[in-house]
Amino acid sequence: MIRNIFQWHSLKTRLTILTLAVFVGGIVIQAIYLSRSLRIDIERQLSEQQFAAVSFVAAVVNDDLRERMSALELIAGGIDESLLAQPVALQKYLENRRPLADLFNAGVFVVGKNGIALADYPRMAGRIGTNYSDREHVAVALQGSQTRVGKPVPGRVLHGAPSLPISTPIHDRQGRVIGGLVGATDLSQPNFLDKITYGRSGKTGGYLVIARQWRLIITAGEKRFVMAPLLGVGAIPLIDRFIDGYEGSGVLVNQLGEERLASTAGVPLANWYVTNSMPTSEAFLPIRSMQFHILLTTIILSLLATILILMLIKRELAPVFETIKTLSRLSSENLPMQQLPQVTRQNEIGDLIGSFNLLIGKVADREQSLRTSEARSRAIAQSANEAIITSDSAGNIVGWNHGAEITFGYLESEALGQPMTLLIPERYRDAHVAGMSRARLGAEHRIIGKTVELSGLRKDGSEFPLELSLAKWESNDGVFFTGILRDITGRKYLEEQVNRMAFYDELTKLANRRLLKDRIMQSIAASKRNGRYGALIFLDLDNFKSLNDSEGHAVGDLLLIEVANRLKSCVREVDTVARFGGDEFVVLINELSADKSESATQANVVAEKIRAAIGTPYVLQVPREGEEDATVDHQCTASIGVVFFSQKETGQEDVLRRADAAMYLAKKAGRNSIQVDDIADT
């Protein structure tokens, strides 16, 4: 029954629980506040009463000690050297002071300067003749200190019972110490402290008298605690404060784990303190009684509130629950959208259902528009020449148009459900998978919203360049990626041809003057960064014009092509070989040594290698239309100018000008030679 009423996912149950939680929470907060306030007030009042009582008791103990100390001092004042020398007379002197027996239940006794007992009253077997010099209170008295209360010790004539001694020195007429007078109190027998330790605070509270200097219980209501030591320093912080001299009240937890309210007042004469404590369970009993009644009241009111809330919710929210049932039926039976029964009640629920009916009409219109838009989008995608492909967040193909079939060679039935890696060359697949993983984790894909160039893989295994525009979108089914891909094979071919015409010599396929100047600028910049030298070798063919004039331009072109091949074979891939114009060539050598002389040696080796290669005889095969190829033998040399540059060079024009000048110096020197013009830093 309860399970049917309280369905934990129901709005009715949640409203009921929320209301009860607010109601009960308010009561609980109020109860906690009242409990804390009441505890503070009770603790303050009890502490004041307890401290007043313990202060009175401490004053009484202090007065009792003063009375006993004064009595001992008075008796000691009547003893002189002659009396100490006559034990019988000394004994009689003590016996005539009978009131001492009322003050010290274990009697008094006189010791000589050597600490041996000479007389006592009342007489106790074994006391006279005993040496007490090892007792602290006797030693202190014989040193001439003032009257003081000693540390309780097991009494030698009391069969080990705890004895509280008070000692005072005996002086001769010159003020010298000649003995001592000791009064002893047997703490195991009725004594002057019993009248206060038997007092009670509440039902279970009691008094203790504690010596600060020894952390020792002097007396207590329960005799088993007499002479018991306190716990060590740090065990109970409040007791440590009492030991340090604090007088007042506080709450502590004793060694039994019991929380108690304790108050303390000092006994100055003995450096003691009197403490009174009682369990907080007794002190704060009214608080627990109040909390019980609050709990009982809360339970009763909660039950009544639950009934009232359920009745109110059932009455007020009945149209809402009926609407929920109708919507659930429409959803489960897959029925078309229809208006909900109108509620005539003029309140928020009526407005809600009316607004929901308006929303249903708008949703129906939007669904129709969405179906129309989807059909239009699919028709456009299928008619597009570009490949339009959609993949889910797992990287599987879920959309494939006719343009994709043409571009990649796969039919739609072959592509759907396959991973996108099907269309990616193997060397790029790991990077694609890593990018999709980051996208699934919420990281923004680096090519979303951009147009990038990639490599594609057709069904026949051939690779081709393509251009990709990628978009990311989300729906209830998850995250999807739609890409528009274009085959740019033709465009890349045209770009390559334009680039070659702009930067390369059409005859020799070497870098042209424009590309050479750019490479020189890059080399100078690199030299500034890494501190290495570079070199520029400028060469001109010595007898090219005679070959051109005698054999024609076609043979001259063959020679230029052969020279270009020989130059490329003399240098590294990082170096640049360029045709500067006509029969002039330039070789740019990068990243020579950082040492100037070593760089010069390296460059000269390359220049000599080039001179030797160019000077090797040429055998040129000249094609003849309709005839066999003709062979032309030719001997050719080169005039070579070499110039160095480093990080201090200002520009490529200056380097080229000086290299050209060095080359002309080589021609003037008789050709087939190398001339070096050092323009690097010195």
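A few points about this structure:
- By the Cα gyration tensor, segment 384-492 has an equivalent ellipsoid whose semi-axes, rounded to whole angstrom, run 21, 16, 14 from largest to smallest.
- Relative packing of peptides 232-238, 543-549 - highest average C-beta neighbours within 10 Å first: 543-549, 232-238
- About the Cα centre, charge dipole magnitude for segment 78-186 (Lys/Arg +1, Asp/Glu -1 at Cβ), debye: 20
- Amide H within-cut-off set for ASP583, under 5 Å, with H built and near neighbours excluded: none
- Under 24 Å of direct C-alpha separation, and excluding same-chain neighbours fewer than eight residues apart, LYS545 reaches these lysines: LYS509, LYS568, LYS609, LYS667, LYS668.
- Under 14 Å of direct C-alpha separation, and excluding same-chain neighbours fewer than eight residues apart, LYS325 reaches these aspartates and glutamates: GLU333.
- Around the amide H of VAL676, modelled in the peptide plane, lie the amide H atoms of VAL642, all under 5 Å away and 5 or more residues distant in sequence or on another chain.
- Summary value for segment 504-678: 29 percent relative contact order, contacts being C-alpha pairs under 8 angstrom separated by 6+ residues.
- Mean Cβ count within 10 Å, highest first, over the residues of peptides 260-269, 462-471, 61-70: 260-269, 61-70, 462-471
- As a rough footprinting exposure proxy, the listed residues TRP473, TRP400, TRP214 were ranked by other beta carbons within 10 Å of their own, and the order from fewest upward is TRP473, TRP214, TRP400.
Read-outs throughout are calculated quantities, based only on the coordinates presented, and are distinct from any laboratory measurement. The structure displayed is predicted, hence computed values, not measured ones. Cβ: placed from backbone, ideal geometry, glycine included. Neighbour counts: every protein chain shown.
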